[in-house]
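Okay, structure first, notes after.
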Amino acid sequence: MAEAIMTVFGEGRFKGFSAGSFPSGRPNPFAVEQALAVGYTLENMRSKSWDEFSVKGAPQMHIIITVCDDAAEEVCPVWPGHPAATHWGFADPSKQGSNDAERREAFGKTFAAIKAQIMLLVGLDAAQLAAPNLNAQLAAMAKHIAP
């Protein structure tokens, strides 16, 4: 979902790439619904391992943001170029609810929360995005996430 939000609302200034340590092989259908609702295309959605972004020839990452609470304790790869990094902790919506309606609602709420954070990021000007300011900006944004 974060990839879709960053790419759509980054309006060419930012491009999102989403990946995880243990990809399931296919995107969650409720996440797909949320991404499609903001105009992200289905062709761009697939379950990816973060390993594919740490090899030669991969897109260069400038910012790494982990968004799932489950990822907070994981050891992330060493990224080429040493991009800025932060953790914005959100509960995993796929582990919420006991039926499809409740899970869909959980994905909607998580999508909205991630979007609010990303909108703060894409609203930063060039000076705020420049190192060393970027790490401070990302840390300040993390404080706005409701538990």
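The values are calculated or read from the model by the stated rules, or taken from the named source; none is laboratory data. In this text, all values refer to a predicted model and were calculated from it rather than measured experimentally. Cβ sites come from the backbone with ideal geometry, for glycine too, and all protein chains shown count toward neighbours. Accessible surface areas use protein heavy atoms only, side chains included; no ligands, DNA or RNA. Shrake-Rupley method; radii C 1.70, N 1.55, O 1.52, S 1.80 Å.
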Checklist outcome for this item: Scanning the range 107-136 residue by residue, those in contact with a Ser or Thr (Cβ under 9 Å, 6 or more places away or on another chain) and open to solvent by 40 Å² or more (accessible area, probe 1.4 Å) turn out to be Asn135
Checklist entry - So which of Arg26, Arg46 ends up being open to solvent by 50 Å² or more (accessible area, probe 1.4 Å), at pLDDT below 95 and in contact with a Pro (Cβ under 7 Å, 6 or more places away or on another chain)? => result Arg46
Checklist entry - What tally of residues in the range 88-147 results from selecting those that are farther than 28 Å from Glu33 by Cβ, part of a helix (DSSP H, G or I) and acidic (Asp, Glu)? => result 0
Checklist entry - Would a scan of the range 89-106 turn up a residue that is under 21 Å from Asn133 (Cα atoms), surrounded by 14 or more Cβ atoms within 10 Å (Cβ to Cβ), among the aromatic types (Phe, Trp, Tyr) and touching a Ser or Thr at 6+ places or on another chain (Cβ under 8 Å)? => result no
Item to check | Lys143 being open to solvent by 50 Å² or more (accessible area, probe 1.4 Å), under 16 Å from the mean Cα position of the chain (by Cα) and basic (Lys, Arg) | outcome: no
Item to check | For Phe17: the one exception among (1) in a loop (DSSP other than H, G, I, E, B); (2) open to solvent by less than 40 Å² (accessible area, probe 1.4 Å); (3) modelled with pLDDT of 90 or more; (4) not charged (D, E, K, R) | outcome: (2)
Item to check | Residues within the range 49-79 that are part of a helix (DSSP H, G or I) and either polar (S, T, N, Q) or modelled with pLDDT under 85 (or both), tallied | outcome: 3
Checklist entry - Out of (1) open to solvent by 50 Å² or more (accessible area, probe 1.4 Å); (2) closer than 19 Å to Cys68 by Cα; (3) at pLDDT 90 or above, what's the single condition that is false for Leu36? => result (2)
